[in-house]
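Notes follow the structure.
The values are calculated or read from the model by the stated rules, or taken from the named source; none is laboratory data. Worth saying up front: this structure is predicted, and the values here are computed from it rather than measured. Reconstructed Cβ throughout: ideal geometry from the backbone, glycine too, with neighbour counts over all protein chains shown.
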Amino acid sequence: MPAKRLSMQQVAAWRLTRQNLLRRTGKEGWLDTVHRIGGIPSRMMQAVELAVWARADGVKPADIRQALREDRTLVECWAMRGERYVLTSVELPRVLSALREYTADTARKSQRVNGRLVSQRQTDDLLEAIGAVLGQEPKTLESLAGAVAASKGQEELRALLLEGSADLLRPAAREGLLAFGPKEGEQDTFVRPDQWIKRWSAPSESPEAIMREAAKRYLAVYGPATFEEFARWWNIDTSAAKRLMRSLEGDIAAVIVDGREGWILRSDVEELHAASMPEGTVRLLPHFDPYTVSMAHASSSFMKEPYRPLLYRGDGIVAPAVLVDGRVEGIWTLEAKKNQTELQVNWFEASKVRSQTRAKVEEEAARLLDFYESDLILRC
């Protein structure tokens, strides 16, 4: 049976629907949405708040903070691509199990951190000590480094952690020994996730089974996709991603999108083929939104090529995007000024923007005003 041919417009409509960007969920469903989209990159906590805001009505920043700090139904940890992510607490043990199996093991090897050689023995000592000293009581980096050094009687471990914290802490996160706790002022804190999370449950499935399920979930939200795109999402070897896709042969089907082949769940083909975008759909997406992160290597059907550097700025930075009918047509900024907030939209081609589109941006701004309960000035 020949592969179905689809337009990028159909794909955009389907992806927006699957990510609750076309039809938003209510307050009761926002945690399920975070789970469905595979978590939210969290280099900036405001971006996490806005990624939820873009997909759910009735949610406030306080609801997200409560889920992270009190309910602990969300947790922040280094995850896919070595990036900071906010994930559901149910999902974190599964993600870490898959990462341990499928990503390169640098935790047990000598490495250079800020020009200093860290031996295999030191990395082993660090992992052992971090697992021993962390619990459900959050520790700042300074406190963690001191506790690690005291645990091993090696003062040099304290200096190592303070000088190269992220490179040395990521392996501990992958081993399930460390996650982020609530900030103390501007400082990160760290906890042991299996003690911090109220209902920690180690997965009973094998890492291979978990990753096969992850591939199906990825295609159900970010498809159609190639195995290379899935490999980039998880930062795993492309040959491993290809084997995973082949193991799903009975569950997936090939489709052609603007002349390019990709894979989708067989059960989603008809829904994807029927997908349509209400004309004039406008959405404001924050820094590092999963929708734009997933499209970083997409064709020019997603946005005009000359403007790509304005969205994807190097070092993994993804700017806030103005989506019009699923395409990126501009970027935007949000800046607090005294007693009000200014929302500035910078269109790629301002002279071509219709008045109806600007009116839709005003609707988004009104939602944002309600979300932050702050006076807002829109410059569009």
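Some notes on this structure:
- Residue count for the stretch 195-217 satisfying the condition of being over 13 Å from residue 241 (Cα atoms), of a type in the set (D, E, K, R) and part of a helix (DSSP H, G or I): 1.
- Of the residues making up the stretch 225-240, those that are hydrophobic (A, V, I, L, M, F, W, C), in a helix (DSSP H, G or I) and touching a residue at least 24 places away in the same chain (Cβ under 8 Å) are 227, 233, 234, 240.
- Filtered residues of the stretch 270-322 (kept if basic (Lys, Arg) and touching a Leu at 6+ places or on another chain (Cβ under 7 Å)): 283
- In the stretch 37-57, the residues that are charged (D, E, K, R) form no Cβ pair under 6 Å with any partner that is modelled with pLDDT under 95 and assigned to a helix (DSSP H, G or I), whether six or more places apart or across chains.
- Test: residue 335 is among the charged types (D, E, K, R), within 23 Å of residue 49 (Cα to Cα) and crowded, with 18+ Cβ neighbours inside 10 Å: no
- Filter pass, residue 91 being under 25 Å from residue 164 (Cα atoms), crowded, with 17+ Cβ neighbours inside 10 Å and in contact (Cβ under 8 Å) with a residue 40 or more places away in the chain: no
- Unique residue being over 23 Å from the mean Cα position of the chain (by Cα) and surrounded by 15 or more Cβ atoms within 10 Å (Cβ to Cβ) when the list is 353, 328: 353
- The helices (runs of 4 or more DSSP H) falling completely within the stretch 136-192 that include 1 or more residues that are in contact (Cβ under 8 Å) with a residue 24 or more places away in the chain and within 24 Å of the chain's Cα centre (by Cα) map to 141-152, 165-174.
- Filter result for residue 268 (touching a residue at least 12 places away in the same chain (Cβ under 8 Å), part of a helix (DSSP H, G or I) and under 19 Å from residue 77 (Cα atoms)): no
- Residue within the stretch 3-19 that is closer than 21 Å to residue 370 by Cα and not assigned by TED's automatic domain parsing to the domain that holds residue 316 present: no
- Flag if residue 13 is buried (at least 18 other Cβ atoms within 10 Å of the Cβ), among the small types (Gly, Ala, Ser) and either more than 29 Å from residue 183 (Cα to Cα) or out of contact with any strand residue (DSSP E or B) (no Cβ under 6 Å at 6 or more places or on another chain) (or both): yes
Yes/no matrix, rows are residues, columns are (1) in a loop (DSSP other than H, G, I, E, B); (2) of a type outside the set (Phe, Trp, Tyr); (3) in the same structural domain as residue 363 (by TED's automatic domain parsing):
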position	(1), (2), (3)
249	yes, yes, no
253	no, yes, no
264	no, yes, no
288	yes, no, yes
293	no, yes, yes
298	yes, yes, yes
301	yes, yes, yes
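- Note on the stretch 296-311: among residues that are under 21 Å from the mean Cα position of the chain (by Cα) and closer than 17 Å to residue 332 by Cβ, the one that is surrounded by the fewest Cβ atoms within 10 Å (Cβ to Cβ) is 309.
The rows are residues; the columns are (1) β-branched (Val, Ile, Thr); (2) under 25 Å from residue 221 (Cα atoms); (3) touching a Cys at 6+ places or on another chain (Cβ under 7 Å).
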| site | (1), (2), (3) |
| --- | --- |
| 247 | no, yes, no |
| 252 | yes, yes, no |
| 264 | yes, yes, no |
| 271 | no, yes, no |
| 296 | no, yes, no |
| 311 | no, yes, no |
| 318 | yes, yes, no |
| 339 | no, no, no |
| 357 | yes, no, no |
